[in-house]
1. Each label point is 7 Å from the Cα along the Cα-to-Cβ direction; what then is the distance between the points at residue 17 and residue 101, in nm?
2. How much length is gained if the chain between residue 160 and residue 35 is pulled fully straight, taking 0.36 nm per residue apart and subtracting their Cα-Cα distance, in nm to one decimal?
3. Remind me, what semi-axes does the stretch 57-181 give for its equivalent ellipsoid, largest first in whole Å, using sqrt of 5 times each Cα gyration tensor eigenvalue?
4. When Rg is the radius of gyration of the Cα atoms in the chain and Rh is its Kirkwood radius, what does Rg/Rh come to?
5. Once R0 is set to 41 Å, what does the formula 1/(1 + (r/R0)^6) return for the Cβ-Cβ distance between residue 87 and residue 225, expressed as a FRET efficiency to the nearest 0.05?
6. Compute the acute angle (0 to 90°) between the alpha-carbon long axis of helix 3-14 and the principal axis of greatest extent of the alpha-carbon atoms of the chain; round to the nearest 10°.
7. In a solvent-free Debye calculation with one equal scatterer on each Cα, what is log10 I(q)/I(0) for the stretch 26-69 at q = 0.22, 0.26 Å⁻¹, listed in the order of the q values?
8. Using only the alpha-carbon atoms, how far is helix 34-46 inclined from the longest principal axis of the chain? Give it as 0 to 90 degrees, nearest 10.
């Protein structure tokens with residue numbers, strides 16, 4: 001029995017029936033929390049089964065020959081609003097929550113997240129994965145500037161919470177930022193925490209414009225024949241975070 005069939009049989013035995021669907025002919029797992037995603041990732045590792053994390057499918061739609069032996073893991077049921085802590089200026093939201101709806105929640109508290117005003121129609125997790133960015137006048141304004149903490153399931157099935165909600169954290173590299181622009185290759189974001197701003201005195205940021213989304217540069221940096229230093233570090237990060245290559249580069 002091949003790994004795909006083994007994973008599907010184990011999935012059916014260990015999770016509620018509605019966690020498995022078939023979308024565009026592909027087996028699709030719908031975790032509702034970090035524990036379910038972590039358990040399933042461990043099953044995938046034990047069977048050498050490769051996975052693909054999908055949000056709304058705006059940037060990469062899982063279809064075609066390269067996905068024929070893949071199990072898709074969707075964030076659509078991770079769409080919970082968790083909390084807003086107005087005094088400390090942050091909001092925590094599920095990865096499957098629409099980015100554009102965040103400011104609807106925040107407006108009554110006179111708070112906002114600039115990137116939620118962009119014409120991006122995807123999920124919070126998708127915005128993080130594609131490294132959503134914008135321009136304010138002549139300055140780049142990336143979403144990762146406001147992305148301060150997350151609950152993440154690693155490719156090997158561990159639950160981690162990198163980052164901090166405090167304004168001043170420990171010195172060193174802020175590892176949560178690595179997930180911005182990773183295109184779902186380093187793990188699955190379950191929930192994300194963003195630094196938010198008061199609406200009063202920040203009207204100038206409403207003039208930000210969305211930058212184009214591109215996966216090509218990341219794909220190029222993961223190719224083994226790319227000799228640049230940036231490519232070398234990208235490959236090292238990918239192999240460190242995903243040693244079993246459970247999240248392959250697909251849809252090229």
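What follows draws every value from the coordinates through simple rules; no lab data is involved. Because the structure is predicted, anything quoted here is derived from the model rather than measured. Please note: Cβ atoms are built from the backbone with ideal geometry, for glycine as well, and neighbour counts cover all protein chains shown.
1. So the two model labels end up 2.7 nm from each other.
2. Details: separation 125, 0.36 × 125 = 45.00 nm, distance 1.11 nm.
So the chain would gain 43.9 nm between residue 160 and residue 35.
3. On the way: eigenvalues 126, 68, 50 Å².
After scaling each eigenvalue by five and taking roots: 25, 18, 16 Å.
4. Numbers: Rg = 18.3 Å, Rh = 18.9 Å.
On the Cα set of the chain, Rg over Rh gives 0.97.
5. Details: r = 51 Å, r/R0 = 1.25.
Taking R0 as 41 Å, the efficiency between residue 87 and residue 225 is 0.20.
6. So the inclination is approximately 70 degrees.
7. -0.88, -1.08
8. The answer is roughly 40 degrees.
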